[in-house]
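Encoded as structure tokens, the structure appears first; notes follow it.
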Amino acid sequence: MISFDEKEPESLCPKHGRGWARRGRPERHRATYTRRQGIRYLVGALDVHADYLRIRPRPRRNGNSTLAFIRQIRLAYPKQIRLYWIQDGLSSHWTPDIRAWAAVNNVELVPTPTYASFLNRIESTFGALDEFVCKNADYLDWDAFGYALADHVRHRNSPAERERRKIEAAKRRQRRAAKTTSELKLAA
């Protein structure tokens, strides 16, 4: 099960905000900037069961770019395994070329309900991506941005980090279970 979505356009302008940095005087951002290098759209795919994230910056948001990314992700899985590709209703995700390719390559396209993007599991990873890569940053070129993005994804997908997230999720489930059982006691 693959959860897919795109993040809003990113540009190389200085972004203020909180971020992880040493205490003391913050670095100053440039006051002016130009967009000589254009913008990029971040497309991402999250393997829901393996909790494995893949993100790529793309110069355009259209059907051909989306299809190229889907093909790239499909190569990571054997052909006999059916992939369920969860995505929103953006028109560039549902082109006839994408539908035809999915039918031939054992991929089922699954739409999220309208106005329910929160059901797409990859949405929560974009918040962390904003916090750790985009905020309080001033990248001079797309190579520097790509390096920071790859560094974040490498850390997120590391076995130690995935194990830490599993332990935290188990603790949250235990706290919720303890809370609900204490609330359901009968009064005598």
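Points to keep in mind about this one:
- Each Lys and Arg Cβ is given +1 and each Asp and Glu Cβ -1; about its Cα centre, the chain then shows a dipole of about 600 debye.
- Average accessible surface for the chain: 68 Å² per residue, computed with a 1.4 Å probe over protein heavy atoms with every protein chain in place.
- For segment 119-177, the Kirkwood hydrodynamic radius from C-alpha pairs, put into Stokes-Einstein at 20 °C and a viscosity of 1.002 mPa s, yields a diffusion coefficient of 161 µm² per second.
- D by Stokes-Einstein for segment 93-140, Kirkwood Rh over Cα pairs, 37 °C, 0.692 mPa s: 240 µm²/s.
- Segment Arg58-Arg99, length gained on full extension (0.36 nm per residue, minus Cα span): 12.7 nm
- Principal axis dimensions, largest first and in whole angstrom, of the chain by Cα: 71, 56, 32
- Förster radius 30 Å - calculated FRET efficiency between Ala160 and Glu131 (Cβ-Cβ, nearest 0.05): 0.95
- The overall shape of segment 86-188, judged from the alpha-carbon gyration tensor, is oblate: a/c is not under 1.5, and a/b is no greater than b/c.
- The chain: calculated mean residue ellipticity at 222 nm from DSSP helix runs of at least 4, using -39500 (n - 2.57): -12000 deg cm²/dmol
- Lysines whose Cα lies under 26 Å from that of Lys15, excluding same-chain neighbours fewer than 8 positions away: Lys7, Lys135
- For segment 87-188, the relative contact order comes to 17 percent (Cα pairs under 8 Å, sequence separation of at least 6).
- Note on Lys171: aspartates and glutamates with a C-alpha under 19 Å away, same-chain residues under 8 apart excluded, are Asp51, Glu161, Glu163, Glu183.
- Rolling a 1.4 angstrom probe over the chain with all protein chains present gives an accessible area of which 54% lies on carbon and sulfur atoms.
The values are calculated or read from the model by the stated rules, or taken from the named source; none is laboratory data. Note that the structure is predicted; figures quoted are calculated from it, not measured. Here the Cβ is made from the backbone with ideal geometry for all residues, glycine too, and neighbour counts use every protein chain on show. To get the accessible areas, we keep the full protein, side chains included, count just its heavy atoms, and leave off ligands, DNA and RNA. Shrake-Rupley method; radii C 1.70, N 1.55, O 1.52, S 1.80 Å.
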